[in-house]
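All remarks here apply to the structure that follows.
Coordinate-derived values only; no laboratory data. Note that this is a predicted model, so its numbers are computed, not measured. Cβ placement follows ideal geometry from the backbone for every residue including glycine, while neighbour counts extend to all protein chains displayed.
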Amino acid sequence: MPGPMEGVMNPLFCRTAAALELLPVMVTPFLRISVDVPRRNKIIKWLEPLAIPGKPLVIQLMGDDPANLAAAARILYDYGVREFNLNFACPSGQVVRSGAGGALLKNPALMRSITAALRHELPDIALSVKLRCGFADPRETDDIIPAFDGLVDYMAVHFRTVSEGYRSVSGGLERLRRAVALSPVPVIGNGDIETPEDARRMLETTGCAGVMCARGLLRDPYLLRRLGGMESPEISPGRDLFFRTALAIAAAEPEVYWSRPRLLELARFVYGSDSTQFRELVGIRNFQPEHFAGFR
């Protein structure tokens, strides 16, 4: 599965992924539900550019109010959505300070109440949660995993804690193996999947039912195809093809997709900030579609 990446999986990313058949399923970035439930037209306007025609769709919701999250899910359900994922993993400082995302790992009872509210409101949906192994200590897994007993179809678990952010950690696969042992439902492993070898190691070591790729998918846009044994270009040509396709889509519909900050951000994610390609883009003064015909 693709990991839902806030700020990355924008409409241009989704259009490009669809054009190149890169994702077997679309998992949206989180829809934040706070004090008020957005109106239906606002929710649908957010959703429509992110959906990939012909691909299963998983909506990720984030918030700390069970009733509001269930009400938002009902709006999406009435629109046709049948699978939801609850974000209890985001380590962003702003999100954590608001009491949502990874902050909820400190309150298993509230996470269970939120999950139960969606299950009660929409008993026939596919429902999952996105977790980390703890807020400050991976031993918190022992209290977190049982909170969802009888409520979810699977769990996506990142082996870092919220406090660890994206720093390198040791023993990540052992943490996941512990989560698998505790969980009564399949666990999708997440964290540092950048190659097929990484995925194979995670599956064999932990017993996870599958893997979720996030940042690795940016540096190798064809990673999920590669994991599925599908024909794919090598990594460097694949990056070029992905970015050139994004440029072509943006140039064809500039009023919708053409944005210098967005394209530079996409290039930074795909190539890296030290790459020749990124530096070349930053140096272009007249950032208009007609100046990109020869960009490799």
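Helix 235-252 and the longest principal axis of the Cα set of the chain meet at an angle near 80°.
A Förster radius of 22 Å combined with the Cβ-Cβ distance from residue 287 to residue 5 puts the calculated FRET efficiency at roughly 0.40. Shown for 169, 27: other C-beta atoms within 10 Å of each C-beta, ranked fewest to most, produce the order 169, 27. From the Cα gyration tensor of region 64-162, with a ≥ b ≥ c the square roots of its eigenvalues, which class applies: rounded if a/c is under 1.5, or else prolate if a/b is larger than b/c, or else oblate? Cα axes put region 64-162 in the prolate bin. Projecting label points 7 angstrom from Cα along Cα→Cβ for residue 120 and residue 142 puts them 3.0 nm apart. For residue 106, the aspartates and glutamates whose Cα comes closer than 16 Å to its Cα, not counting residues fewer than 8 places off in the same chain, are 64, 65, 137, 140, 142, 143, 164. Each Lys or Arg adds one and each Asp or Glu subtracts one; over the other residues with Cβ under 11 Å from the Cβ of residue 164, this totals +3. Treating each Cα of the chain as an identical point scatterer and summing with the Debye formula, the log10 of I(q)/I(0) at q = 0.08, 0.12, 0.14, 0.16 Å⁻¹ comes to -0.35, -0.80, -1.07, -1.33. Sequentially through region 134-140, phi angles give Karplus couplings (6.51, -1.76, 1.60; θ = phi - 60°) of x, 7, 10, 9, x, 5, 5 Hz, Gly and Pro residues having no value and appearing as x. In the chain, the calculated helix contribution to ellipticity at 222 nm averages -12000 deg cm²/dmol per residue, counting -39,500 (n - 2.57) for every DSSP H run with n ≥ 4. Taking other C-beta atoms within 10 Å as the exposure proxy, 258, 46 rank 46, 258 from fewest upward. Amide H contacts under 5 Å for residue 211: 189, restricted to partners 5 or more places along the chain or on a different chain, H placed in the peptide plane at 1.01 Å from N.
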